[in-house]
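J.: Encoded as structure tokens, here's the structure I'll be asking about.
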Amino acid sequence: MYDEQQQPGRPGHGPLAGFTVGVTAARRADELGALLQRRGAAVLHAPALRIVPLADDGDLLAATKEIIDRAPDVVVATTAIGFRGWIEAADGWGLGEPLLDRLRGVELLARGPKVKGAVRAAGLTEEWSPSSESMAEVLDRLLEEGVDGRLIAVQLHGEPLPGFVEALRAGGAEVVPVPVYRWMPPEDIGPVDRLLDAVVSRGLDAVTFTSAPAAASLLSRAEERGLLGEVLVALGHDVLAACVGPVTAVPLQARGVDTVQPERFRLGPLVQLLCQELPARARVLPVAGHRVEIRGHAVLVDGELRPVPPAGMSLLRALSRRPGWVVARADLLRALPGAGRDEHAVETAMARLRSALGAPKLIQTVVKRGYRLALDPAADAKYADE
């Protein structure tokens, strides 16, 4: 597993140093952000949804009363927060003990270890939990046992369970959905808009998604703003879409966006995957006797992290697209965000870029023509036809 602070061979910074990662999670966002920051990433948090508990919701009360009055054969607990919320809501209605008494007498399935912890904290014991933490494995077990004529209660967790309830009903089961909380749009849409703007401008290197509704909500907001096409292009080419699991990825993949997912559907493996993927996507060039690795908002020069202003990064990316070739000032001016028509802006940004890199000879001035990366002679042939 990756060391939390450093990557082998690169002392003094984490594997995500120089990269900016967007976090769309509403729940456990602080935990995910801390994991990313400990590995060196800059984090832009924009919760795409908010969780609304249903303690006063009639649907949850009705489902709870139905389960107390008519014992289900199986109860499926899907999330720790949802299960705890259900018990707390039942307590508030004076139904806590009747509900717990009922749950003690049924086949109780828990989707993963955190759910098992919530079940046991309530004084209950699960009969089984899948090693994969996958609802697909829960479904397979139920269908293998046979569900025809059985009453099965399923604790929902704010997002669709694709095919799960439908497959149980198709097998002959009667299903009681238990809606513990719902996803709603965020009260403050500003952070989401800033994240979308950062995706379009390539100010982010990756965006993380931990629920399908968050992914769908982000795309919906992009569509409302007329940015969906630009967002999809960015996510398809320059900004990595990292999802905690395959269900989360569905709204993105339905729009043609390729995603990456860890083998284990948890936050830690998601961050570890980013620690592998983002450095692997960085451009590495041999320039003026130095190893130059171009990251999102910083450059590694011989392993030393050098933060670079946004204008400087724009120039450096323009130069790195054809390393060793001269790029005209007019072309570099177009690469500068909001630079207008004054080519002196290129000279100013170039001076700051050279200063930030700490090695002025990395970029050569070609009189009356422009600038070029001083690619090592041995590498010229490799990049000559790019």
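The values are calculated or read from the model by the stated rules, or taken from the named source; none is laboratory data. The shown structure was predicted, so the numbers you read here are calculated from the model rather than taken from an experiment. Glycine gets a Cβ as well: all are built from the backbone with ideal geometry, and neighbour counts include every protein chain shown. Just so you know, the surface numbers come from the protein's heavy atoms only, side chains and all, with ligands and any DNA or RNA stripped out. Shrake-Rupley method; radii C 1.70, N 1.55, O 1.52, S 1.80 Å.
J.: Which distance in nm do the two modelled labels at Val367 and Arg291 give, with both placed 7 Å along the Cα-to-Cβ direction?
T.: 3.6
J.: For Arg104 and Glu263, what is the calculated FRET efficiency with R₀ set at 30 Å and r taken between the beta-carbons, to the nearest 0.05?
T.: 0.30
J.: Additional query: Restricting to DSSP H runs of at least four residues, report the calculated mean residue ellipticity at 222 nm for the chain, -39500 (n - 2.57) per run over all residues, nearest 500 deg cm²/dmol.
T.: Rounded to the nearest 500, it is -13000 deg cm²/dmol.
J.: Another question about this same structure. Just subtract the alpha-carbon distance of Asp30 and Arg225 from 0.36 nm times their residue separation and send over the number in nm, one decimal.
T.: 67.4 nm
J.: Report, to the nearest 10°, how far helix 135-145 tilts away from the longest principal axis of the Cα atoms in the chain, using its own Cα long axis and a range of 0 to 90°.
T.: The answer is roughly 30 degrees.
J.: Another question about this same structure. Tabulate in residue order the Karplus-calculated ³J(HN,Hα) for region 173-187, using 6.51 cos²θ - 1.76 cosθ + 1.60 with θ = phi - 60°, rounded to whole Hz; enter x for Gly and Pro.
T.: 7, 9, 10, 10, x, 10, x, 7, 8, 10, 8, 10, x, x, 5
J.: Check which residues have an amide H placed less than 5 Å from Val308's amide H, if you skip close sequence neighbours.
T.: Amide H neighbours of Val308, under 5 Å, 5+ apart: Ala298, Val299.
J.: Per the 1.4 Å probe, what fraction of the accessible area of region 49-141, in percent, lies on carbon and sulfur atoms?
T.: Answer for region 49-141: carbon and sulfur cover 47 percent of the accessible area.
J.: Relative to the Cα centre, what is the charge dipole magnitude of region 249-332, using +1 at the beta carbon of each Lys and Arg, -1 at the beta carbon of each Asp and Glu, and rounding to the nearest 20 debye?
T.: So the dipole magnitude of region 249-332 works out to roughly 180 debye.
J.: Name the residue, out of Gln364, Gln272, Gln155, whose mean-square fluctuation peaks in a Gaussian network model built on the chain with Cα pairs under 10 Å.
T.: Gln364
J.: A further question on this structure: In whole angstrom, note down how far apart the Cα centers of region 131-189 and region 40-107 are.
T.: 13
J.: If r is the Cβ-Cβ distance from Ser132 to Arg169 and R0 is 30 Å, what FRET efficiency results, to the nearest 0.05?
T.: Plugging the Cβ-Cβ distance into 1/(1 + (r/R0)^6) gives 0.80.
J.: Roughly to the nearest percent, how much of the accessible area of region 265-344 is carbon and sulfur, given a 1.4 Å probe?
T.: Answer for region 265-344: carbon and sulfur cover 53 percent of the accessible area.
J.: Residues with beta-carbon under 15 Å from that of Arg120, excluding Arg120: net charge, scoring Lys, Arg +1 and Asp, Glu -1?
T.: +3
J.: A further question on this structure: Name the shape class, rounded, prolate or oblate, that the alpha-carbon gyration tensor gives for the chain, where a ≥ b ≥ c are the square roots of its eigenvalues, rounded holds for a/c under 1.5, and otherwise prolate holds if a/b is larger than b/c and oblate otherwise.
T.: Prolate is the answer for the chain, as a/c is 1.5 or above and a/b outweighs b/c.
J.: I want the local charge near Asp140. Using Cβ-Cβ distances under 14 Å, sum +1 for each Lys or Arg and -1 for each Asp or Glu among the other residues.
T.: Charge balance near Asp140 sits at -2.
J.: Count the lysine pairs in the chain that are 8 or more places apart or on different chains: how many have C-alpha atoms under 29 angstrom apart?
T.: Taking the Cα cut-off of 29 Å, the pair count is 4.
J.: Still on this structure, please answer the following. Could you tell me the extents of region 248-386's C-alpha atoms along the three principal axes, largest first, rounded to whole Å?
T.: Principal extents (Cα only, largest first): 54, 35, 29 Å.
J.: Here's another thing I want to ask about it. Return one whole number: the accessible area per residue of the chain in Å², for a 1.4 Å probe.
T.: With all protein chains present, the chain gives 46 Å² per residue.
J.: Right, here's the next one. Near the amide H of Tyr181, under 5 Å away, which other amide H atoms are found, from residues 5 or more places off or on another chain, if H is placed in the peptide plane?
T.: Gly158
J.: Determine, from the Cβ-Cβ distance of Arg38 and Asp197 and an R0 of 22 Å, the FRET efficiency 1/(1 + (r/R0)^6), rounded to the nearest 0.05.
T.: Once rounded, the FRET efficiency stands at 0.25.
J.: Once you sort the root eigenvalues of the Cα gyration tensor of region 206-261 as a ≥ b ≥ c, which label holds: rounded (a/c under 1.5), prolate (a/b larger than b/c) or oblate (the other case)?
T.: oblate
J.: Could I ask something else about it? Let me make sure I get this right: for region 188-287, a, b and c are the square roots of the gyration tensor eigenvalues over alpha carbons, sorted descending. Under 1.5 in a/c it's rounded, otherwise prolate if a/b > b/c, else oblate. Which is it?
T.: Cα axes put region 188-287 in the oblate bin.
J.: Continuing with this model, one more query. Restricting the count to DSSP beta bridges whose residues both fall in the chain, what percent are antiparallel, rounded to a multiple of 5?
T.: Counting only bridges with both partners in the chain, antiparallel ones make up about 50 percent.
J.: Further question: With springs only between Cα atoms under 10 Å, which of Arg202, Arg84, Arg341 fluctuates most in a Gaussian network model of the chain?
T.: Comparing Arg202, Arg84, Arg341 in a Gaussian network model of the chain, the most mobile one is Arg341.
J.: Taking θ as phi - 60°, what are the ³J(HN,Hα) couplings along region 203-215 by the Karplus curve (6.51, -1.76, 1.60), each to the nearest whole Hz, with x for Gly and Pro?
T.: x, 10, 9, 7, 10, 9, 10, 10, 8, 5, x, 5, 5
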